[in-house]
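As structure tokens, the structure follows; a few thoughts come after it.
What follows is calculated from the coordinates using simple rules that are stated; it is not laboratory data. Worth saying up front: this structure is predicted, and the values here are computed from it rather than measured. No Cβ is skipped: glycine too gets one built from the backbone with ideal geometry, and neighbour counts run over all protein chains shown.
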Amino acid sequence: MRFSFLLESGRITAEEKETYRHLITVDPTGQSLFSMSDPVLMGSLKTLSELLYKHYGTKVIILIDEYDVPLSKANERGYYGSMVSLIRGMFEQALKTNDSLHFAVLTGCLRVAKESIFTGLNNPKILSITTVRFDEYFGFTDDEVRKMLEYYGLERYYGEIKEWYDGYRFGNVDVYCPWDVINYCDELLDDPEAQPRDYWPNTSGNEVVRHFLENVGDGLTKSEIEALTAGETVTKEIHEELTYNHLYDSVDHVWSVLFMTGYLTQRGKPDGKRYNLTIPNREIRNIFTEQIMVMFRENVARDGEMLRAFCSALENGDAGEVERLFADYLKKTVGIRDTFVQKPTRENFYHGILLGILGLKNGWYVKSNRESGDGYSDIMIRIEDEDIGIIIEVKYAENAALEEACRDALEQIETKEYEAELEAEGCREVLKYGIACFRKKCRVMVRREAKSIY
């Protein structure tokens, strides 16, 4: 519609103008006022390029960004075959049998197989994320990021930006995600205290990560996911030519999709089609770990009997049973090792597991990292109907020293007087738990303190 000046062109015939008018005339809802058959739609880009060529006397360049998005949506909503047919016909006319075309560039997340939409095109030049040509133009290089930060006076944030948004490998070059770097710099200019965060969830639903994790036990092992979240590599064969209707047919395809859409990147190619794959940076790792926790909470909710048993043991001060059930929970979920980040807080994973369990218990008011007494407790619970309070301090047991870590946790609760808030709220009994964890092992100790309330 932005080329409507063609209707006034003296180089275009009346018949050609009428054809163009059919393409651009719509009602207020955006619906065409003319019958728009498949042949008309398939020839629309070619028609526009021919009219522009006649008007300017110069062959046109066609740029099609995210050409695969219509295929993705059609696959999700059940009309994939029809959309493939439409786009195939459109591309054949606009990009092959078109004397008005100078050249065309198409971009998209997936290198869609030729048999789906590129059947009629003669040898398109495909530049993928593994191609060396133009590799530095897919993102910001380290030198470019340094210059940007210097220009805006943000040099002190270089380490954080590198940890969060660097790590993508295109061809032979490591690059930063430009969307992330620009957004974070923009926020820092307004608020120097702004923290790095995930910008990808605003642009993608991350469904592919969910599909990936759902394959645990069906061609995918927990050990592989745990290795990835720890910053290690997993060697897999990559298939770059996939069709949307077969993306999730096997876990092998899902590995390829994760690689081509940026959730995984490569750190070398041992042989043939096999790549050493890894999570590129902290932002993408957060997407994986958050999805792992979402699926864990869903699994906890499905097993109501185990949830009731765990909470009952916690309320009754049965440290042995709490330990046994919590160890079972740890065995059932994917472990997340915080060796990926430079300054890890290793308790975070176990803290998150506990919150995922306790947050589903009705009648329990659960608070996390809230100020109480002389510091912050990891988890504080008030059972309102019983006037019982529970304090949980989680420790990561270095070198598997579980007993020592448990005692340290209990000592911290006592020293910092975490029970002050619960006592002020009238709890007649406070249970203090020290929970120590090392990988899939745990140890639980409890101290019970009864108060006389007048």
* Reported label for calculated Rg and Dmax of the Cα atoms in Å given (1) 23.8, 82; (2) 29.0, 97; (3) 21.9, 64 -> (2)
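Using the crude model of +1 on Lys and Arg Cβ and -1 on Asp and Glu Cβ, and no other charge, please compute the dipole size for the stretch 135-197 relative to its Cα centre, in debye to 20.
Values: 6 positive and 17 negative charges, 22 e Å.
Using Cβ point charges on Lys, Arg, Asp and Glu, the stretch 135-197 gives about 100 debye.
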* Can you list the chymotrypsin sites (Phe, Trp or Tyr not before Pro) in the stretch 49-155 that are in a DSSP coil and have 11 or fewer other beta carbons within 10 angstrom? -> Phe134
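Calculate the dipole size of the chain relative to its Cα centre from +1 charges on Lys and Arg beta carbons and -1 charges on Asp and Glu beta carbons; express the result in debye to the nearest 20.
Using only the charged Cβ atoms, the result is roughly 1560 debye.
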* To do: With runs of 4+ DSSP H residues as the only contributors, calculate the mean residue ellipticity of the chain at 222 nm using -39,500 (n - 2.57) per run, divided by the residue total and rounded to the nearest 500.
  => -13000 deg cm²/dmol
* For the stretch 350-361, Karplus couplings with θ = phi - 60° (6.51, -1.76, 1.60), whole Hz, Gly/Pro x -> 5, 4, x, 4, 4, 5, x, 7, 5, x, 9, 7
* Simple spin-label estimate for His102 and Met36 in nanometres, 7 Å along Cα-Cβ -> 2.8
* Structure fact -> Once normalised by the length of the stretch 101-202, the mean sequence separation of its alpha carbon contacts under 8 Å that are 6 or more apart gives a contact order in percent of 25
* **Residues with amide H under 5 Å from that of Ala397, placed H, sequence gap 5 or more** => Cys437, Phe438
* Asked: Applying the Karplus parametrisation 6.51 cos²θ - 1.76 cosθ + 1.60 with θ = phi - 60° to the phi angles of the stretch 235-251, what ³J(HN,Hα) value in whole Hz is obtained for each residue in order, glycine and proline being reported as x?
  -> 8, 9, 7, 10, 10, 7, 9, 10, 10, 4, 6, 10, 4, 10, 5, 8, 5
* **Spin-label zone in the stretch 41-84 - amide nitrogen under 20 Å from a point set 7 Å from the Cα of Asn245 along the C-beta vector** => 42, 67-84
* Asked: Pairs Lys367/Lys441; Lys162/Lys331; Lys96/Lys236: which are spaced more than 30 Å apart, C-alpha to C-alpha?
  -> Lys162/Lys331; Lys96/Lys236
* Take peptides 19-29, 281-291, 381-391 and line them up by average Cβ neighbours within 10 Å, highest first, as a rough protection proxy. => 281-291, 381-391, 19-29
* **Relative contact order of the chain, defined on C-alpha pairs under 8 angstrom at six or more residues apart (%)** => 9
* Structure fact -> Treating only Lys and Arg (+1) and Asp and Glu (-1) as charged, each at its beta carbon, one finds that the stretch 1-93 has a dipole about its Cα centre, in Debye to the nearest 20, of 160
* Asked: Which is farthest toward the positive dipole end of the chain among Met90, Tyr137, Val251, measuring Cα position about the Cα centre, with Cβ charges +1 (Lys, Arg) and -1 (Asp, Glu)?
  -> Met90
* Structure fact -> Restricting to aspartates and glutamates and to Cα separations under 16 Å from Lys59, and discarding same-chain partners fewer than 8 apart, the set is Glu50, Asp99
* Over the stretch 303-450, relative contact order from alpha-carbon pairs under 8 Å, at least 6 apart, % -> 23
* Fully extended, how many nm does the chain gain between Glu15 and Asn183 (0.36 nm per residue separation, minus their Cα-Cα distance)? -> 55.6 nm
* To do: For Gly167, enumerate residues with amide H under 5 Å from its amide H, sequence gap 5+ or separate chain, H modeled in the peptide plane.
  => Val175
* Structure fact -> Going residue by residue through the stretch 60-66, the Karplus relation 6.51 cos²θ - 1.76 cosθ + 1.60 with θ = phi - 60° gives ³J(HN,Hα) values, rounded to whole Hz and with x marking Gly or Pro, of 9, 10, 10, 10, 10, 8, 6
